[in-house]
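The values are calculated or read from the model by the stated rules, or taken from the named source; none is laboratory data. Here the structure is a predicted model, which means the values were calculated and not measured. Glycine also receives a Cβ, built like all others from the backbone with ideal geometry; neighbour counts cover every protein chain displayed.
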Amino acid sequence: MSDDNQYLEIFPTWLRSLGTDAEELAALLTESAFGRDAKEAVAGGINYLFKSLDLIPDGIDDIGYLDDAFVLRVAAEQASSEDLDGVDTDKLQILARLTNEAEQVRDFLGDDYGRLDGYVKGLRRGAARGRSVNDILDDEQTSSDFLSDVRGFAKTYESPGFAREEKNLIKLKAFFEFKLPG
């Protein structure tokens with residue numbers, strides 16, 4: 001049995017919790033004590049989810065959504081490195097859990113983790129569905145619409161199946177190797 005087989009148990013749980021994870025992480029954007037850099041990391045990661053939704057081709061939903069789950073965890077890790085004094089403790093629990101799970105992303109991707117981390121940092125300058133991270137953080141109506149979209153996604157999201165076969169882990173690693181900038 002490969003050392004990677006542990007991920008055949010972990011990744012399906014991440015797929016099942018993706019909607020809830022996004023919604024709970026988005027709640028941090030309403031925290032005034034949550035600093036700008038931390039908000040940018042979270043907003044960039046969640047905004048990527050919507051960009052990804054528009055691009056996930058039929059037949060690879062599991063890989064596409066795992067990509068989103070990975071991005072949320074890396075974004076949470078980046079946000080957690082910021083000053084979090086004064087942020088509601090209950091809201092920080094989701095950030096702490098996702099940050100801890102980012103370690104599993106790091107272990108799974110190995111040398112490619114640095115590329116993913118850099119990619120997620122770049123999402124702070126990205127846009128999806130006509131919304132930039134700055135729009136989400138600076139425009140009250142855009143922020144409200146964004147949070148509503150996240151709640152809508154969380155309510156309608158249905159986890160795709162993820163066959164617990166080692167070949168799916170190979171496909172996932174190949175996906176990241178190809179997708180991530182050099």
Gly86 at pLDDT 95 or above and surrounded by fewer than 17 Cβ atoms within 10 Å (Cβ to Cβ): no
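Condition check ((1) touching a Pro at 6+ places or on another chain (Cβ under 6 Å); (2) surrounded by fewer than 16 Cβ atoms within 10 Å (Cβ to Cβ); (3) among the charged types (D, E, K, R)) across all residues:
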{"site": "Gln6", "(1), (2), (3)": "no, yes, no"}
{"site": "Thr13", "(1), (2), (3)": "no, yes, no"}
{"site": "Asp21", "(1), (2), (3)": "no, no, yes"}
{"site": "Leu29", "(1), (2), (3)": "no, no, no"}
{"site": "Ala33", "(1), (2), (3)": "no, yes, no"}
{"site": "Arg36", "(1), (2), (3)": "no, yes, yes"}
Pairs, first of a type in the set (A, V, I, L, M) in region 80-91, second at pLDDT 90 or above, C-beta under 6 Å, six or more apart: Val87/Glu31; Val87/Ala33; Val87/Phe34
Region 60-117, residues that are charged (D, E, K, R), over 23 Å from Ala27 (Cβ atoms) and under 13 Å from the mean Cα position of the chain (by Cα): Asp117
Single unsatisfied condition, Ala127 versus (1) free of Cβ contacts under 8 Å to residues at least 60 places away in the same chain; (2) surrounded by 13 or more Cβ atoms within 10 Å (Cβ to Cβ); (3) not basic (Lys, Arg): (1)
